[in-house]
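Novice: Take a look at the following structure, please.
The values are calculated or read from the model by the stated rules, or taken from the named source; none is laboratory data. From a predicted model like this one, the values you see are computed outputs, not experimental measurements. Cβ coordinates were reconstructed from backbone atoms using ideal geometry, including for glycine residues, and neighbour counts include every protein chain displayed.
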Amino acid sequence: MFRLFSSGVDDLVLISSPSNGEVANNLGARFDRELIYTNIGEVLIALNPYKQLPITGPEFIKMYQNSPGTGEAPPHIYALAERAFRRLVDDGESQCVIISGESGAGKTVSAKLLLQYITAVSPNNSYGASVANANGGGNSLPQYDGSSELVEDEDNLPQYDGGSDPPMGRGFGLPPIGANGGGRGRAVPPPTNRAPPPQPGGGRGKPPPPVNNNRPPPSVPSGGGRGGPPPPVNGGGRGRAPPPPRGGGRGGGPPPKIVPSGSSRSNKQVDVEYIKKIILESNPLMEAIGNAKTVRNDNSSRFGKYLEIQFSDNNAPVGGQISTFLLEKTRVTFQQKHERNFHIFYQMLAGLDQGKKSEWGLTQATDFYYLAQSGCTTIEDVNDGNDFMEVQQAMDTVGISKSEQNDIFRILAAILHIGNIRFQGEPPAEIIDDTPVQWASSLLGVDPQFLAQSLNHRQIQSGSVRHTQYAVPQNPDQAAGLRDALAKTLYDRIFEFVVARINQTMQYFGSAKVIGVLDIYGFESFDRNSLEQFNINYVNERLQQIFIDLTVRGEQREYHEEGLKWKDISFFDNKIVVDLIDASKPPGIMRVLDDVCKTVHAVDSATADQKFMEKLIHAIPNHPHLLISNTGSGANEFTIKHYAGEVTYNVEEFCFKNNDNLYASIVACMQTSSYDFISNTLFPDQLGNNTISSCTYKIMNSANELVKKLSSCTPHYIRCIKPNDKKQPMNFVSSRVEYQVKYLGLLENIKVKRSGYAYRQMTRYFLDRFGKIFDQPPRSIPEFVDQICRKCPEIKNDEFEEGKSKVFVRSPETIFIMEDQLMQKLDPIGYKERAKLYKENEKLAQAKAGKHAMKAKCTLM
Ligand SMILES: Nc1ncnc2c1ncn2[C@@H]1O[C@H](COP(=O)(O)OP(=O)(O)OP(=O)(O)O)[C@@H](O)[C@H]1O
């Protein structure tokens, strides 16, 4: 017998001796044949081909629509999308699709393909039409771009592993195309515009905030419109003096949820096509503000996103909600070489008209430190100006008024000027050149002197019972830190505003079943790992926990539905790692960090980090998953044994990055803005509230919410893999793939699936296919088992279990033997030729071991 599946099995549960290397080999063999999708049971592995393959778009959607479940249709993202949608329709249960993988692995493209599929096959109205329409639903589908034609010939139809015939023939019994016709979504007019923001100079006339009793109030800035050069820092008033911070006291409390005002739809007015349009068209907007060019990916999402689409009783999308996680705010102020800031800055500079640019003091990217520092301001084949038009259109679609758009772009312009502020001298650091402060304060509608003072003094509260307020003069580095904090906070709040507005526009008030799509950073392990990686890896631990839990539960459910006896499955439970990170008693790492951040007053960042290390060493001694090799005074690293491997974290700036309470003076300053959009919409904070507002605390809460949401849905998983680091089309680097196989925990997944049955199939398909081994095809499973065991004595009859609708086969070898038998029967001449060729080439294949050996074998097939 030779292995028909030597060209790679389409379900990794079937590989004979699972190891990370063997999984990578199998994926490589398939990849060489442009089979980028592979299953592990119902989990889909998607390799990034870095090339447009002719396997997506309306034609393919039609083919997968109403296709049967896993095992019957070849692995494909549309097969998974169909399965999720079908379960929503048939079972009335909410579904979620969890997409993970490292940067550039193809998560965002996968999410788009999913949304493309769901918007295409779901009805276009919420009244009862249930005939899906593969051509409809929006006008910005990510389609095959024509670089090779959509093919009609059989050889190019969606992937099916050549090792075995598709059970239902090419096209696997596709239904007729839906009758609803095409129809690009007609947009409902966006919510009506809000009143324009008050012009600077309107003056609420309140006194400046009492940062320090001895400090004189800042002088009132001079007038001067928004156009033209900004007012001088010490000039006379453009209007009001800044009011005191709300609530006084130390800036605490979690940042408020930004809830933009504006109209939202009542459920009676649900326009399904409009919702589909928002789902598809909000993408360029979210990418503009949340994506950036990195060395790994020209369009890298720098945030995690969970999009829930709500469906009506007749399964039409009637609403939606986006939750975001872990926006990489530091990118606003810092990017490494060859990377860019968020796309929106470059788009704005390329797309704004000259009049507006002059009014806001905007020139070119290289004039602004926040854009110029990395030496990279453009992306090959990307036209930022055109993208800006698309973004403005998307803003219109999601209901961001022209006036709000103007506010947003003006604040982005202010951020660029803020980045050009430089400091020198002794504390309080002196601003080297007033011009950027003047531009920034003018664009933000705040007093320039107050802004300057908010940057070179830090407002802190004493640890004493009296909580005395101090304004501590800052040295140039510290002032630069506050400057960057202002830029990041402004950006973060714009980001939140946009997300909140999209949510408001898509809001559906009734209860509805949902399909959620989670596109989130995968596990990260770099040469140097900081708080960002710690947080990302924590979220991934939580996701792994529910992944295993839900996979096991999924198995249990199937056994139950099929009437099989459940056997306990052993697997690594990563609860111990999750507890190490987020437990409150005994305290986990996050709790220790928060405690230190709450109690260190007026110490510099390095001292705070030192204290954190000291406390960590004492609080969590001898934990099997926490390694601290240096416990001496210079200790600055700890290692966590994650489910996916060990990661060492350097604690430098951990406390600084974790503490969101440091910037009360900045919030206070922004609340003095004469622009209502800034003072009220973006900064409605209640200062003085001492609740915890650390970064890790927020992550923990978001992760809890996310896990709660995901756990209430039937899960589907897409594990994306990047086959090479150079973005080269169809280049498979085994070592890179093997690394990701390990970090994605695929082996654990395979083990769980295999611990019961390696293969399962609907009884009728099973008999239809393997019955052909015999001259007289058996008509029942007991008959089949009897015949196959007599024909192949190496197969034992306890290999098979018949459930209510499916047949379960214990080991992959049994399937291989049956496939072998099937081929001998159906094509005896071809079988002999292949067997001969296989033997001749087997040695060659073995010699190639190391560089996915199967390649040689699969060329035979
Ligand atoms: N299925 C696919 N077909 C063709 N090209 C793809 C596919 N998937 C990904 N790519 C290519 O790879 C690039 C990176 O993919 P994508 O942006 O989806 O990665 P990601 O996992 O979301 O990365 P990040 O975490 O950095 O956002 C895409 O811009 C596209 O060029």
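Novice: Applying the selection to the range 306-316, what residues are under 24 Å from Phe497 (Cβ atoms) and either crowded, with 23+ Cβ neighbours inside 10 Å or away from the ligand (no atom under 16 Å from the Cβ) (or both)?
Specialist: If the condition is that a residue be under 24 Å from Phe497 (Cβ atoms) and either crowded, with 23+ Cβ neighbours inside 10 Å or away from the ligand (no atom under 16 Å from the Cβ) (or both), then Leu307, Glu308, Ile309, Gln310 are the ones that fit.
Novice: In this structure, is Asp271 within 14 Å of the ligand (Cβ to nearest atom), out of contact with any strand residue (DSSP E or B) (no Cβ under 8 Å at 6 or more places or on another chain) and at pLDDT 50 or above? Before the answer, list the steps.
Specialist: Working: within 14 Å of the ligand (Cβ to nearest atom): no; out of contact with any strand residue (DSSP E or B) (no Cβ under 8 Å at 6 or more places or on another chain): yes; at pLDDT 50 or above: yes.
Considered against the rule, which asks whether it is within 14 Å of the ligand (Cβ to nearest atom), out of contact with any strand residue (DSSP E or B) (no Cβ under 8 Å at 6 or more places or on another chain) and at pLDDT 50 or above, Asp271 comes out as no.
Novice: Just give me the residues in the range 787-810 being in a helix (DSSP H, G or I) and within 26 Å of His560 (Cα to Cα), in sequence order.
Specialist: Asn797, Asp798, Glu799
Novice: OK, next. So the check is Cβ under 6 Å with 6+ separation or different chains; which pairs have a first residue in the range 95-120 that's under 7 Å from Cys720 (Cβ atoms) and assigned by TED's automatic domain parsing to the domain that holds Leu80 and a second one that's within 7 Å of the ligand (Cβ to nearest atom) and in a loop (DSSP other than H, G, I, E, B)?
Specialist: Correct list of pairs: Ala105/Asn48; Gly106/Asn48; Lys107/Gly101.
Novice: Quick check: is even one residue across the range 389-396 at pLDDT 95 or above, surrounded by fewer than 23 Cβ atoms within 10 Å (Cβ to Cβ) and assigned to a loop (DSSP other than H, G, I, E, B)?
Specialist: no
Novice: Looking at Ser694, Ser734, can you tell me which residue is closer than 30 Å to Asn658 by Cβ, of a type in the set (S, T, N, Q) and not assigned by TED's automatic domain parsing to the domain that holds Lys806?
Specialist: Numbers: Ser734 fails: closer than 30 Å to Asn658 by Cβ.
None of the others qualify; the one that does is Ser694.
To keep it simple, each residue is scored yes or no on (1) modelled with pLDDT of 90 or more; (2) in a helix (DSSP H, G or I); (3) of a type outside the set (Gly, Ala, Ser); (4) not assigned by TED's automatic domain parsing to the domain that holds Ala414.
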site: Ser674; (1), (2), (3), (4): yes, no, no, no
site: Lys708; (1), (2), (3), (4): yes, yes, yes, yes
site: Ile718; (1), (2), (3), (4): yes, no, yes, yes
site: Pro723; (1), (2), (3), (4): yes, no, yes, yes
site: Lys726; (1), (2), (3), (4): yes, no, yes, yes
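Novice: Let me ask something else. Yes or no: Leu80 at pLDDT 90 or above, within 16 Å of the ligand (Cβ to nearest atom) and touching a helix residue (DSSP H, G or I) at 6+ places or on another chain (Cβ under 6 Å)?
Specialist: no
Novice: Pick from the range 676-705 the residues that are aromatic (Phe, Trp, Tyr) and crowded, with 23+ Cβ neighbours inside 10 Å: which of them is modelled with the highest pLDDT? Before the answer, list the steps.
Specialist: Of the range 676-705, the ones aromatic (Phe, Trp, Tyr) are 677, 683, 697.
Cutting the leftovers down to crowded, with 23+ Cβ neighbours inside 10 Å gives us 677, 683.
Numbers: Phe677: 97, Phe683: 93.
Top of the filtered list is Phe677.
Novice: Here is a follow-up. Cβ-Cβ under 8 Å, sequence separation 6+ or interchain: first residue in the range 360-383 and within 12 Å of Arg340 (Cα to Cα), partner among the acidic types (Asp, Glu). Which pairs?
Specialist: Between residues of the range 360-383 that are within 12 Å of Arg340 (Cα to Cα) and residues that are among the acidic types (Asp, Glu), the close pairs are Ser374/Glu339; Cys376/Glu339; Thr378/Asp384; Ile379/Asp298.
Novice: For the range 278-287, does any single residue satisfy the condition of being in contact with a helix residue (DSSP H, G or I) (Cβ under 8 Å, 6 or more places away or on another chain), aliphatic (A, V, I, L, M), part of a helix (DSSP H, G or I) and within 14 Å of the ligand (Cβ to nearest atom)?
Specialist: yes
Novice: Any idea which residue in the range 17-53 is nearest to the ligand (Cβ to nearest atom), counting only those that are aromatic (Phe, Trp, Tyr) and not in a helix (DSSP H, G or I)?
Specialist: The extreme case among them is Tyr50.
Novice: Right, another one. Could you tell me whether Ile520 is at negative phi, within 16 Å of the ligand (Cβ to nearest atom) and among the β-branched types (Val, Ile, Thr)?
Specialist: Working: at negative phi: yes; within 16 Å of the ligand (Cβ to nearest atom): yes; among the β-branched types (Val, Ile, Thr): yes.
Taking the combined requirement at face value, the residue satisfies it.
Novice: For the range 83-101, which positions are basic (Lys, Arg) and within 14 Å of the ligand (Cβ to nearest atom)?
Specialist: Within the range 83-101, no residue meets the criteria.
Novice: Based on this model, can you work out whether Phe345 counts as more than 14 Å from the ligand (Cβ to nearest atom) and touching a residue at least 40 places away in the same chain (Cβ under 8 Å)? Quick ask: steps written out before the conclusion?
Specialist: On the way: more than 14 Å from the ligand (Cβ to nearest atom): yes; touching a residue at least 40 places away in the same chain (Cβ under 8 Å): yes.
Answer is yes for this residue.
Novice: Follow-up. Kindly establish whether Tyr491 is of a type in the set (Ser, Thr, Tyr), more than 30 Å from Lys742 (Cβ to Cβ), assigned by TED's automatic domain parsing to the domain that holds Cys695 and part of a loop (DSSP other than H, G, I, E, B).
Specialist: Spelling it out, it is not the case that Tyr491 is of a type in the set (Ser, Thr, Tyr), more than 30 Å from Lys742 (Cβ to Cβ), assigned by TED's automatic domain parsing to the domain that holds Cys695 and part of a loop (DSSP other than H, G, I, E, B).
Novice: Still on this structure: Go through (1) farther than 14 Å from Val809 by Cβ; (2) outside any helix (DSSP H, G or I); (3) of a type in the set (Phe, Trp, Tyr) and name the single condition Tyr757 misses.
Specialist: Looking at each condition in turn, Tyr757 falls short on (1).
Novice: Mind checking which residues of the range 102-126 are among the hydroxyl-bearing types (Ser, Thr, Tyr), closer than 17 Å to Ser282 by Cα and away from the ligand (no atom under 16 Å from the Cβ)?
Specialist: Going through the range 102-126, the residues among the hydroxyl-bearing types (Ser, Thr, Tyr) turn out to be 103, 108, 110, 117, 119, 122, 126.
Next cut, closer than 17 Å to Ser282 by Cα only: 108, 110, 117, 119.
Hit for the range 102-126 is Thr119, nothing else.
Novice: Pairs please, first residue from the range 724-751 and charged (D, E, K, R), second anywhere and within 15 Å of the ligand (Cβ to nearest atom) and not in a loop (DSSP other than H, G, I, E, B), Cβ atoms under 8 Å, 6+ apart in sequence or on different chains.
Specialist: Matching pairs, first to second residue: Asp725/Arg736.
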